[in-house]
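A quick write-up on the structure given underneath.
Bear in mind that the values in this text are calculations on the coordinates, not laboratory data. Keep in mind it's a predicted model, so treat the numbers as computed, not measured. No Cβ is skipped: glycine too gets one built from the backbone with ideal geometry, and neighbour counts run over all protein chains shown.
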Amino acid sequence: MAIIDLFSKRRKRERGEFPDVYEYDCIPKTLRIQIIHLIGEIYSQDNKITNYARSVFHEIEQALSREYGQFSLTGGREEGFESLSEFILNEADPERVLDAVEILFRYADNQIRDNSFYFNRSLSMDDALEELNARFKESGIGYQFESGEIIRIDSEFIHSEAVIPLLVLLRSSTFSTVNQEFLEAHKSYRHGRYESCLVEANKSLETMLKVIAERRGWKFGENDSAKKLIEVCLKNGLIPKFLHNQLNALQSILESGIPTTRNKLAGHGQGSQVRVIPEFMAEYTMHLTATTLLMLGRASGY
């Protein structure tokens, strides 16, 4: 069912009552209920949860309970769809709520998309995921479901103009390793592992440069640093000739951006002092990584 632009919503927009910044630590009850409605629609036929779907819910409930070190999600009062719904509705920890939402929608995206025999055959998974993300945005919650994971949004502009196009690009089998490393960097960022975030971001850049160089037949060393790989790609004309006047500036940005940030703040021993990497530096690195990878991918013709 498509999202309806109700009169009350339009009036709220006119009064400026929708949130201007993203919230991360609280998932409102209205959003939880909307997500439950959507899950029920995805996993049902003729408005009824199928028996096959119930077995899926049972497996997911058991998996989450085991990970949390509990016998059940809701104290054994309910099971299957009812248990997961109660958990999503009442769980106090927003990250655990997102655990359940991520697993349920990942299963749907991976398994139901191409085989909806036991599920809602009339519902497009693309439409369902679009609605989920629209509900997040409508509620001012700073998360989106992309490439099988719920990821945190810190800048809507950066996310829509760089991260989403990049994830679309990286879905190609050509960039599967780049995609894995970029998502690992994003995961580390979300969980506050900022040193790991910088390391994985740099790895994704190096891998992207290696993939491009290898497919173009350009010579490079297997252990070449990002700086050397950048030089290889620029030397071989990755950037169009009419932009040669800007190559020096571009190379400076690339060289002094992700690799230098990583070298100065991560990837080496801490010495006698404990190193604290600030969140803003990890956030900057993720944004710079996304825009740089997208630029390189598009420049290479993919």
The stretch 85-166: relative contact order from alpha carbon pairs under 8 Å, six or more residues apart, as a whole percent, is 21 percent
Least to most buried among LYS227, LYS203, LYS12, by other C-beta atoms within 10 Å and fewest first, runs LYS12, LYS227, LYS203
Heads up, the stretch 79-197 by the C-alpha gyration tensor (a ≥ b ≥ c square roots of eigenvalues; a/c under 1.5 rounded, else a/b over b/c prolate, else oblate) looks oblate
Karplus-derived 3J(HN,Hα) from phi for the stretch 279-286 (6.51 cos²θ - 1.76 cosθ + 1.60, θ = phi - 60°), whole Hz, x at Gly and Pro, runs 4, 4, 6, 5, 4, 4, 5, 5
Quick shape check on the stretch 24-84: root eigenvalues a ≥ b ≥ c of the Cα gyration tensor, a/c under 1.5 is rounded, otherwise prolate if a/b tops b/c, else oblate, and it reads oblate
The answer for the net charge of residues other than GLY221 whose Cβ lies under 13 angstrom from its Cβ, with Lys and Arg +1 and Asp and Glu -1, is -1
Charge dipole of the stretch 180-239 built from unit charges on the beta carbon (Lys, Arg +1; Asp, Glu -1), centred at mean Cα; most positive-end Cα among PHE182, CYS197, ALA213 is ALA213
Site GLU214, offset 7 angstrom along Cα→Cβ, radius 20 Å on amide nitrogen, limited to the stretch 279-299, gives 293-299
Checked the stretch 12-153 against the a/c 1.5 cut and the a/b vs b/c comparison, axes a ≥ b ≥ c from its Cα gyration tensor; verdict oblate
